[in-house]
Amino acid sequence: MDAILQKFGDINWRYATGDSKALATLEERIAAAGRKRSLITYSELVRGVTFTLPNIQKPRTIDVVDWQELDRAIVGDFLGYISMRSYDRARLFSSALVVSKMDGSPGEGFYNLLKELGLIPNVRSAKVLDIWAEHVAKAHTWFAKH
């Protein structure tokens, strides 16, 4: 078995498996950005999406102007899970297309995922930008064809 898929399989997904409708919406928004060979901001990704999760008391819509820690945790979990699914399907991390509107780069969660998967020694690694750029290119190519 692929070592990265094996490590993905060891991750406990706290939120992403709890709302298939939100998952499908996020995956489609990422795919749409990929088909256009563009990136999507975290705010664009989640705007108007209601997360109905069994481990949260009430449905949650993220206020994209005032992100809370729980919002970051939910979105990070979904993006990691989405990357696992795209890696399984096409050997790419589709969440590489999701970036900060501040500087156009992925957030700390993307780098933490790379570290957890054993692809970088730490989140400050010089390899980070190379891996990110590689997966952006792979995602653009793959989504343009599918």
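The values are calculated or read from the model by the stated rules, or taken from the named source; none is laboratory data. Nothing here was measured: the structure is a model prediction, and the numbers come from that model. Counting neighbours? That spans all protein chains shown, and the Cβs are built from the backbone with ideal geometry, glycine included.
The criterion of at least 3 residues that are loosely packed, with under 13 Cβ neighbours inside 10 Å and free of Cβ contacts under 8 Å to residues at least 60 places away in the same chain is met, among helices (runs of 4 or more DSSP H) falling completely within region 1-61, by 20-35. Within region 62-89, if we keep just the residues that are part of a loop (DSSP other than H, G, I, E, B) and aliphatic (A, V, I, L, M), the residue that is farthest from GLU27 (Cα to Cα) turns out to be VAL65.
To keep it simple, each residue is scored yes or no on (1) farther than 25 Å from HIS146 by Cα; (2) modelled with pLDDT under 95.
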{"site": "ASP88", "(1), (2)": "no, no"}
{"site": "SER105", "(1), (2)": "no, yes"}
{"site": "PHE110", "(1), (2)": "no, no"}
{"site": "PRO121", "(1), (2)": "yes, yes"}
{"site": "ARG124", "(1), (2)": "yes, yes"}
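Residues being within 11 Å of the chain's Cα centre (by Cα) and modelled with pLDDT of 95 or more are represented in region 42-53 by at least one member.
State whether one or more residues within region 90-105 are under 25 Å from ASP2 (Cβ atoms) and over 13 Å from the mean Cα position of the chain (by Cα).
yes
Condition check for TYR111 on (1) under 28 Å from THR141 (Cβ atoms); (2) surrounded by fewer than 18 Cβ atoms within 10 Å (Cβ to Cβ): one failure, at (2). Summed over region 48-107, residues that are basic (Lys, Arg) and in contact with a strand residue (DSSP E or B) (Cβ under 6 Å, 6 or more places away or on another chain) total 2.
Look at ARG89 and say whether it is free of Cβ contacts under 8 Å to residues at least 40 places away in the same chain, under 22 Å from THR17 (Cβ atoms), among the basic types (Lys, Arg) and surrounded by fewer than 20 Cβ atoms within 10 Å (Cβ to Cβ).
yes
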